[in-house]
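Quick notes on the structure that follows.
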Amino acid sequence: MVALKVKAIGDTLAVVLPDDVRTRLALTDGSTLHLTETPDGYQITPQDPSEELQMEVARDVMQRYRNALRELAK
């Protein structure tokens, strides 16, 4: 668990991430993070949660139609 400090920067508040967290998330200046409310609190991730849903649907379609896709790929 990492405790984060909230800092005032101008008229806004910012959360400062430790260097090791920033490195593991591959964040650079201008990166986008997504904040998602969950039953247990909030989740912060660099991946867009809607993209994960799209990938789940794509995996399902590829699994269901794998034979047809294999034939089409010939």
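Just so it is clear, none of the values below were taken in a lab; they were calculated from the coordinates. It should be emphasised that the depicted structure is a prediction, and the values quoted were computed from it without experimental measurement. No Cβ is skipped: glycine too gets one built from the backbone with ideal geometry, and neighbour counts run over all protein chains shown.
Take the residues of the stretch 15-74 that are in a loop (DSSP other than H, G, I, E, B) and among the aliphatic types (A, V, I, L, M): which is surrounded by the fewest Cβ atoms within 10 Å (Cβ to Cβ)? Steps first, answer last, please.
Our first condition is that a residue be in a loop (DSSP other than H, G, I, E, B); within the stretch 15-74, this holds for 17-18, 25-33, 39-40, 46-48, 65, 73-74.
From what's left, among the aliphatic types (A, V, I, L, M): 17, 25-27, 33, 73.
Details: Leu17: 17, Leu25: 15, Ala26: 8, Leu27: 14, Leu33: 12, Ala73: 6.
Out of the qualifying residues, it is Ala73.
Among the numbered criteria (1) in a strand (DSSP E or B); (2) out of contact with any Leu (no Cβ under 7 Å at 6 or more places or on another chain); (3) surrounded by 11 or more Cβ atoms within 10 Å (Cβ to Cβ), which one does Ala8 miss?
Among (1) in a strand (DSSP E or B); (2) out of contact with any Leu (no Cβ under 7 Å at 6 or more places or on another chain); (3) surrounded by 11 or more Cβ atoms within 10 Å (Cβ to Cβ), the lone unmet condition for Ala8 is (3).
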